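Here is the structure we will look at, set down as structure tokens.
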Amino acid sequence: MGNQDLKRSLKKCGKETMIYDFCKIAKPEVVEVGDFCKLDDFVFINGGEGIKIGNYTHIASFSSIFGGGSFECGEYVGVSQRVGLITGTNDYKLGMHMTAAAPPDEQGYYHSHIKIEDDVIIFNDCSLLAPEGKPLIIGEGAVIGANSFINKDIEPWSIVAGTPAVKIGTRPPLLEWIQRNKEMRKNGKISRN
């Protein structure tokens, strides 16, 4: 079950990872997907300058990673439906055309990097735009509320929402036994189940 041809074309595809048939990955040779991940139907990933998706990550339908830059996420990350993870875009400050249909030498464009740390959840319909010249970092355990726009770093264990997103709370850290199991899985001392 799953998209076996696409899995074989990736730079790395972990064990028991499910990539559904209608998931599309451009430049799969620069994309690494960890163990026990799920990439749903209608997910689109542009490999750009390199993509690394950590173990136990789920990217839901109609979400995409695009822009031509680089992207990495840690383990146990959840990306809900219709999330745009944008690693580069047109730069309006350059006085150049703002469409990909223009001749390439007449386009002003930048590439950047998005890093999402472990145990982050991004709820539906969010846009994360990496700013020019520095990576966008979403700290461990962060929660991003639905319909939010993020273009600045998010502190670990923060709950943010809005356009632009603002901090509205703090999430408690993982329960001790869950953290212990996570470490034991990482060290091969216990299995997935």
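The values are calculated or read from the model by the stated rules, or taken from the named source; none is laboratory data. Everything numeric in this text was worked out from a predicted model, so none of it was measured. Cβ: placed from backbone, ideal geometry, glycine included. Neighbour counts: every protein chain shown.
Table for the structure above
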{"read-out": "Residue check, Gly139 at pLDDT 95 or above, loosely packed, with under 13 Cβ neighbours inside 10 Å and either touching a Ser or Thr at 6+ places or on another chain (Cβ under 6 Å) or among the small types (Gly, Ala, Ser) (or both)", "value": "no"}
{"read-out": "One residue from Lys134, Lys115 being surrounded by fewer than 12 Cβ atoms within 10 Å (Cβ to Cβ), among the basic types (Lys, Arg) and under 19 Å from the mean Cα position of the chain (by Cα)", "value": "Lys134"}
{"read-out": "Breaking point among (1) farther than 24 Å from Asn46 by Cβ; (2) in contact with a strand residue (DSSP E or B) (Cβ under 7 Å, 6 or more places away or on another chain); (3) not polar (S, T, N, Q), for Pro173", "value": "(2)"}
{"read-out": "Listing of strands (runs of 3 or more DSSP E) fully contained in segment 123-193 that carry 2 or more residues being free of Cβ contacts under 8 Å to residues at least 40 places away in the same chain and not polar (S, T, N, Q)", "value": "136-138, 158-162, 165-170"}
{"read-out": "Flag for Ala100 being on the phi < 0 side of the Ramachandran plot and part of a loop (DSSP other than H, G, I, E, B)", "value": "yes"}
{"read-out": "Residue list for segment 25-41, filter: surrounded by fewer than 16 Cβ atoms within 10 Å (Cβ to Cβ) and closer than 17 Å to Ser63 by Cβ", "value": "Ala26, Asp41"}
